[in-house]
Amino acid sequence: MVIRLISIFLCFGCATLLAQQTKVNQNRLERRIFELAKFGLQENGETERVAFSDADIAAQQWVAQNLRDLGLDVHIDFAGNIVGRRKGKDSTKKPISFGSHIDRVPHGGNYDGCLGSMAALEVLTVLNENKITTQHPLEIIIFSNEEGGVMGSRAIAGHLKKSALGVVNSTGYTMGEGIMRLGGDTTRIAEVARNKGDIAAFVELHIEQGGILEKEHKDIGIVEGIVGLKWWDVEFTGFPNHAGTTPMNSRQDALLAAAKFIVAVNEITNSFEGAQVGTVGRITAQPGAPNVIPGKVVTSLEIRDLSSEVIKKVYQAIEAKGKEIAKASKVEIAFKPLDTTADPAIMDTEIQNLIKTTAEKLGLSTKKMPSGAGHDAQDMALIAPSAMIFVPSKGGISHSPLEFTSAADMANGATVLLHTILALDKKL
Ligand code: HGY
Ligand code: MN
Ligand code: MN
């Protein structure tokens, strides 16, 4: 009886060894953010680390080694994700997973994805320092090519389509080539897929990337839902001809049609009530000379909203207007949907509430909010109860080298992540 009581006490003790007020090490977390930013550092002081680049691969190796140094069993899965496992006391339990991504958009910042990844290292460090072993195994996932279509998480959710492997990212590599470069294997991607129930819970810490938390002086955002997003390549085919000898009224100028289309995307998206967004973020014109009328133009098209129906409605209006513009401009237009579509995702309400109480116990203010940015948690939500913790982004700037989150805010988020994981470990 006494032994039983002692063991109950000890077991209770292990879960509570880490006082609720225990914080992560703010300086160490920020140092790691700066260390990670060295991978891809350019002469102008900015970092470039698009997925599949040499810098991305070097950073992947560095993070994997860090995880090994923290005692995890680490491998690169067939989709190029870094997966690190820390044993729990109860091997029958499914893992609690957390992590984010280390790839960046071109001309991006040091915090998007990097915070959640470096916070994962920090959480593990604090657990090691306090000699805490959770009941559940813990699994860190650093997802591959998040910015190019949440590739790694999509593979884990089991719906990375074969056709997506041909999508080219800003490095010029296709996803298929990129996966091989990262140490994955395109012929075995299906083996990466998990079933519903394989993961007990997934939590991602991320910068907000908008300006709401800062404006409202809130420490922590709790994500209720993540927008869906769809991408297309829109091809305009005209006729390349001599820019000096072809009269203005006999041109088939693909770039002129594309320009009108870009304006229309903005106007049509704005014409609907709601918070949907539509963007043309990339354009190429061929042959690309000042003295040749452009014969071929490809633009991107992206539409986001919390409702798939709204995305569809906005797209249909844009498509109809695009066809009208093409006809009037005597060019052909083709909309090619890319297999990078993400459906809107609802975050798990119980974990949302757990994050709220955890943050409040730490004396942090919270706000429930939607995410206008896409995230790996979106795909993870298809197979596991998933949630996201946001921290403020200075000036609401993101996908820019000016992106910034203070060390104190990062530490708040990482501390909430740490205690949320411990709370989930007790609860699940
Ligand atoms: O594009 C996005 O929303 C995300 O940052 N990948
Ligand atoms: Mn991003
Ligand atoms: Mn991100």
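The values are calculated or read from the model by the stated rules, or taken from the named source; none is laboratory data. It should be emphasised that the depicted structure is a prediction, and the values quoted were computed from it without experimental measurement. Positions of Cβ are generated from backbone atoms using ideal geometry, with glycine treated the same way; all protein chains shown enter the neighbour counts.
Quick notes on this one:
Yes/no matrix, rows are residues, columns are (1) buried (at least 21 other Cβ atoms within 10 Å of the Cβ); (2) among the acidic types (Asp, Glu); (3) over 19 Å from the mean Cα position of the chain (by Cα); (4) in a loop (DSSP other than H, G, I, E, B):
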position	(1), (2), (3), (4)
GLY374	yes, no, no, yes
ASP379	yes, yes, no, no
LEU382	no, no, no, yes
THR415	yes, no, yes, no
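- Restricting the range 74-131 to residues that are acidic (Asp, Glu) and more than 16 Å from ligand 2 (Cβ to nearest atom), the residue that is surrounded by the most Cβ atoms within 10 Å (Cβ to Cβ) is GLU122.
- Matching residues, the range 401-413, being within 16 Å of ILE389 (Cβ to Cβ) and outside any helix (DSSP H, G or I): THR405, SER406
- In the set (1) more than 26 Å from ILE141 (Cβ to Cβ); (2) outside any loop (DSSP other than H, G, I, E, B); (3) aliphatic (A, V, I, L, M), the condition left unmet by LEU354 is number (1).
- The set of residues in the range 321-337 that are surrounded by fewer than 19 Cβ atoms within 10 Å (Cβ to Cβ) and under 21 Å from ARG282 (Cα atoms) comprises LYS321, LYS323, GLU332, ALA334, PHE335, LYS336, PRO337.
- Total residues in the range 345-368, condition touching a helix residue (DSSP H, G or I) at 6+ places or on another chain (Cβ under 6 Å) and either closer than 27 Å to ASN169 by Cα or within 16 Å of ligand 1 (Cβ to nearest atom) (or both): 1
- Screening the range 312-344 for residues that are in a strand (DSSP E or B) and not hydrophobic (A, V, I, L, M, F, W, C) and picking the one that is farthest from ILE156 (Cα to Cα) gives GLU332.
- Considering residues of the range 205-221 that are within 9 Å of LYS367 (Cβ to Cβ) and surrounded by fewer than 20 Cβ atoms within 10 Å (Cβ to Cβ) only, the residue nearest to ligand 2 (Cβ to nearest atom): ILE212
- When we screen THR358, THR341 for residues that are modelled with pLDDT under 95 and either within 23 Å of the chain's Cα centre (by Cα) or surrounded by 18 or more Cβ atoms within 10 Å (Cβ to Cβ) (or both), the only hit is THR341.
- Residue check, SER271 modelled with pLDDT of 95 or more and either under 28 Å from GLY228 (Cβ atoms) or surrounded by 16 or more Cβ atoms within 10 Å (Cβ to Cβ) (or both): yes
- Lone unmet requirement of (1) away from ligand 3 (no atom under 16 Å from the Cβ); (2) in contact with a His (Cβ under 8 Å, 6 or more places away or on another chain); (3) under 30 Å from SER97 (Cβ atoms) for GLN209: (1)
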